[in-house]
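Asks: Attaching a single structure in structure tokens format; questions to follow.
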Amino acid sequence: MRHARNGSLIHARKVISLTGSDRRHQTVPDLLVHGFEIVDGVNGRAIPDPDSVFDSRRFEHKYRQPPKPGEIGCTLSHLRVMQSVAEDPSCADGQWVLVCEDDAELSPRFEKDIERVLARCATLDMVMLASVAAPADVRWRDPITVHTPISPMEPPIVSFGSKPLLRTVGYVRPEVMYGALLYAIRRPAARRLLSRIDGLPYFIADDWNEYASLGLRIGLVRPNMAGQVTGLHSQISEILNGELWRSSAYEPEPWRARLRIRTRLRRVGQTVAVGLADLRGRRR
């Protein structure tokens, strides 16, 4: 494990991986080089009584379909990590814990940028560092986050002579954001999140809108700081997230529509609204 250096904003780095998974020797070793430590994931198919640990009825009411074992296991795995963060007295309130899934492939600039990115996130509780719909460092359309305006309160991070040249970081209203490939969370946020879950868990692990509804200030980094390793099987994305990505919310607009003045004005208005909400949230 790479321990936090004096003055580092990162307390720990954790990668969720099922025991016995092929990814333990396919993709996880590359993450261990970057200081991530393995957290054994929960195998949803091995839970004898899922209803004793997960509210399937509430999940079905929320997402209009029953949860699959992989979805239950994924959510419980991420909550296990958050529980460990909440109970870790050595983690300062201002530090971050990085959490990723075992199919994440970090940006070549990850180590150079991650501290600078997190330094811009002091007013946030959780930060989505990568979705699963675009590779790392790609600035063109990411169907998961392209419809999510970022608050303009923080200036972009500039890396001269490097790709990407700019990274945008800031507060968002995550109505249509999904993806838990790589994110950061702080200890107070983990404690607050766990304390506000009413009863058993009932949501998918990467539903950022749900985290926001529980009172957390959510941030987004664009472009991604990691990408999903291609060629790996993911039952969860096929079962639920794949359907969400194919919904109208993620359908790209025709280029003519993107160039219309009305469209541009609407997006400017959305960005201003998010910026004002960000400012109000900072004053609380």
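The values are calculated or read from the model by the stated rules, or taken from the named source; none is laboratory data. This structure is a prediction, so every number in the text was calculated from the model and none was measured. We place every Cβ from the backbone using ideal geometry, glycine too, and count neighbours over all the protein chains shown. These accessible areas exclude ligands, DNA and RNA; they are computed on the full protein's heavy atoms, side chains included. Shrake-Rupley method; radii C 1.70, N 1.55, O 1.52, S 1.80 Å.
Asks: Return the sequence-ordered ³J(HN,Hα) values of segment 69-82 in whole Hz as given by the Karplus equation 6.51 cos²θ - 1.76 cosθ + 1.60 applied to θ = phi - 60°, using x for Gly and Pro.
Replies: Running phi through 6.51 cos²θ - 1.76 cosθ + 1.60 with θ = phi - 60° gives x, x, 5, 4, x, 5, 4, 5, 5, 5, 5, 4, 5, 4 Hz.
Asks: Distance in nm between label sites at ARG80 and SER195, each 7 Å beyond Cα in the beta-carbon direction?
Replies: 2.5 nm
Asks: Now a separate question. What length, rounded to one decimal in nm, is gained on full extension from LEU165 through to THR123, with 0.36 nm per residue of separation minus their alpha-carbon distance? Let's see the in-between values first.
Replies: Numbers: separation 42, 0.36 × 42 = 15.12 nm, distance 2.40 nm.
Taking LEU165 through THR123 to full extension adds about 12.7 nm, to one decimal.
Asks: Tell me, what is the FRET efficiency for ASP93 and ILE38 to the nearest 0.05, using R0 = 25 angstrom and their Cβ-Cβ distance as r? Display every interim value, and only then the final one.
Replies: Working: r = 25 Å, r/R0 = 1.01.
That pair, ASP93 with ILE38, gives E of 0.50.
Asks: Residue farthest toward the positive end of the dipole of the chain, with Cβ of Lys/Arg at +1 and Asp/Glu at -1: which of TRP140, CYS74, GLY269?
Replies: GLY269
Asks: If I compute solvent accessible area with a 1.4 Å probe over the protein chains, what percent of it on segment 39-123 is carbon and sulfur?
Replies: On the way: 1970 of 4000 Å².
That fraction is 49 percent.
Asks: Taking the Cα centre of the chain as origin, work out the dipole magnitude from +1 charges on Lys and Arg Cβ and -1 charges on Asp and Glu Cβ, in debye rounded to 20.
Replies: Details: 41 positive and 33 negative charges, 311 e Å.
It works out to roughly 1500 debye.
Asks: Just to confirm, what accessible area per residue do you get for the chain at 1.4 Å probe, in whole Å²?
Replies: Numbers: 13910 Å² over 284 residues.
Result: 49 Å² per residue.
Asks: Where is the GNM fluctuation largest for the chain (alpha-carbon springs, 10 angstrom cutoff): PRO135, PRO223, PRO164?
Replies: PRO164
Asks: Normalised by the residues of the chain, what does the relative contact order come to in percent, with Cα pairs under 8 Å and at least six apart?
Replies: Values: 502 pairs, mean separation 65.8, N = 284.
This gives 23 percent for the chain.
Asks: ASN209 to SER21: FRET efficiency via 1/(1 + (r/R0)^6), r the Cβ-Cβ distance, R0 25 Å, to the nearest 0.05? Each step should come with its number before you reach the end.
Replies: Details: r = 29 Å, r/R0 = 1.14.
The calculated FRET efficiency here is 0.30.
Asks: Then there's this: Considering only ASP30, ASP103, ASP198, give the residue with the highest GNM mean-square fluctuation for the chain, with springs between Cα atoms whenever their separation is below 10 Å.
Replies: ASP198
Asks: Specify whether the C-alpha gyration tensor of segment 127-222 places it in the rounded, prolate or oblate class, a ≥ b ≥ c being the square roots of the eigenvalues: rounded for a/c under 1.5, otherwise prolate if a/b is larger than b/c and oblate if not.
Replies: prolate
Asks: While we're on this one: Leaving out same-chain residues fewer than 8 places away, which lysines sit with a Cα under 30 Å from that of LYS112?
Replies: LYS112 reaches LYS14, LYS163.
Asks: Now for a different question. May I ask you to work out the translational diffusion coefficient for the chain at 20 °C, viscosity 1.002 mPa s, via Stokes-Einstein with Rh from the Kirkwood sum over Cα pairs, reported in whole µm²/s? Write down the numbers at each step before the final one.
Replies: Values: Rh = 19.4 Å.
Value of D from the Cα-based Kirkwood radius: 110 µm²/s.
Asks: Give me the extension gain from GLU175 to GLN270: residue separation times 0.36 nm, minus the current Cα-Cα distance, reported in nm with one decimal. List each step's numbers first, then the result.
Replies: Values: separation 95, 0.36 × 95 = 34.20 nm, distance 1.26 nm.
Gain in length upon complete extension: 32.9 nm.
Asks: Out of the DSSP beta bridges found with both residues in the chain, what percent are antiparallel (nearest 5)? Mind showing how you got there, number by number?
Replies: Details: 19 of 32 bridges.
Of those bridges, close to 60 percent are antiparallel.
Asks: Counting only C-alpha contacts under 8 Å and six or more residues apart, can you give the relative contact order of segment 130-236 as a whole percent?
Replies: Working: 160 pairs, mean separation 43.0, N = 107.
Once divided by the residue count of segment 130-236, the mean separation gives 40 percent.
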